[in-house]
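In what follows, a structure is listed as structure tokens, so that the remarks can point back to it.
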Amino acid sequence: MSASPRRVRRLALQALYQLDARDGDEPAVRESLLTARADQKEPYTDEDVERAMTLASAAWVSRARADRAVEALAPGWPASRQPAIDRAILRLAHHEMTSGLTPPKVAVNEAIELAKIFSTERSPAFINGVLDKILKSLGDPAPPTPGQ
């Protein structure tokens with residue numbers, strides 16, 4: 001059975017964090033995820049790992065764009081000053097918000113939850129503040145036209 005989007009996102013965050021630490025070495029990160037999945041209470045399937053890697057890889061490729069957006073909104077906290085896990089959370093959320101993969105408000109909420117689990121006590125507020133500004137800069141998407 002496939003993992004929920006939340007579990008895949010959590011795995012994607014772990015992959016993105018490793019991509020940053022390993023200078024983008026996707027094969028090594030993929031192998032790490034495949035090896036570590038057996039240690040989970042609910043192991044990930046090969047499909048889950050591939051979904052997570054696809055998401056993490058796309059966020060990795062668009063990291064410069066995410067970093068610029070964050071720096072414009074929080075100039076005192078460029079990517080180089082952020083804790084690595086916060087940087088990964090922001091990059092993943094930015095990618096999800098701007099790619100249309102996830103409704104932006106959902107991406108913000110999920111990022112805050114990831115920060116509560118993986119980061120410091122102050123990180124959820126920082127991530128919420130930055131992503132809320134990004135959300136406002138995106139504007140409200142137009143509702144779909146009936147019949148489309």
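Summed over region 1-54, the residues that are farther than 24 Å from Asp67 by Cβ and of a type in the set (Val, Ile, Thr) give a count of 3.
Of the residues Glu42, Glu31, Glu47, Glu26, the single one that is within 18 Å of the chain's Cα centre (by Cα) and surrounded by fewer than 18 Cβ atoms within 10 Å (Cβ to Cβ) is Glu26. When residues in region 95-106 are screened for being in contact with a Ser or Thr (Cβ under 9 Å, 6 or more places away or on another chain) and farther than 11 Å from Leu16 by Cβ, 4 of them pass.
Within region 15-39, the set of residues being under 26 Å from Val106 (Cα atoms) and touching a residue at least 40 places away in the same chain (Cβ under 8 Å) comprises Ala15, Leu16, Tyr17, Leu19, Asp20.
Quick one: would you say Glu42 is in contact with a helix residue (DSSP H, G or I) (Cβ under 8 Å, 6 or more places away or on another chain), within 24 Å of Met1 (Cα to Cα) and touching a residue at least 24 places away in the same chain (Cβ under 8 Å)? For Glu42, the condition - in contact with a helix residue (DSSP H, G or I) (Cβ under 8 Å, 6 or more places away or on another chain), within 24 Å of Met1 (Cα to Cα) and touching a residue at least 24 places away in the same chain (Cβ under 8 Å) - is met. For region 98-127, taking the residues that are among the small types (Gly, Ala, Ser) and assigned to a helix (DSSP H, G or I), the one that is surrounded by the fewest Cβ atoms within 10 Å (Cβ to Cβ) is identified as Ala125. Just so you know, in region 73-88 the residues that are farther than 15 Å from Ala125 by Cα and modelled with pLDDT of 95 or more include one that is most open to solvent (accessible area, probe 1.4 Å), and it is Ala84. Annotation note: of Arg65, Arg91, the sole residue that is modelled with pLDDT of 95 or more and open to solvent by 50 Å² or more (accessible area, probe 1.4 Å) is Arg65.
The values are calculated or read from the model by the stated rules, or taken from the named source; none is laboratory data. Every value quoted in this text rests on a predicted model; they were computed, and no experiment measured them. Positions of Cβ are backbone-derived with ideal geometry, glycine not excepted, and every protein chain shown enters the neighbour counts. The protein model used for the area step is the full one, side chains on, heavy atoms only, and it has no ligands, DNA or RNA in it. Shrake-Rupley method; radii C 1.70, N 1.55, O 1.52, S 1.80 Å.
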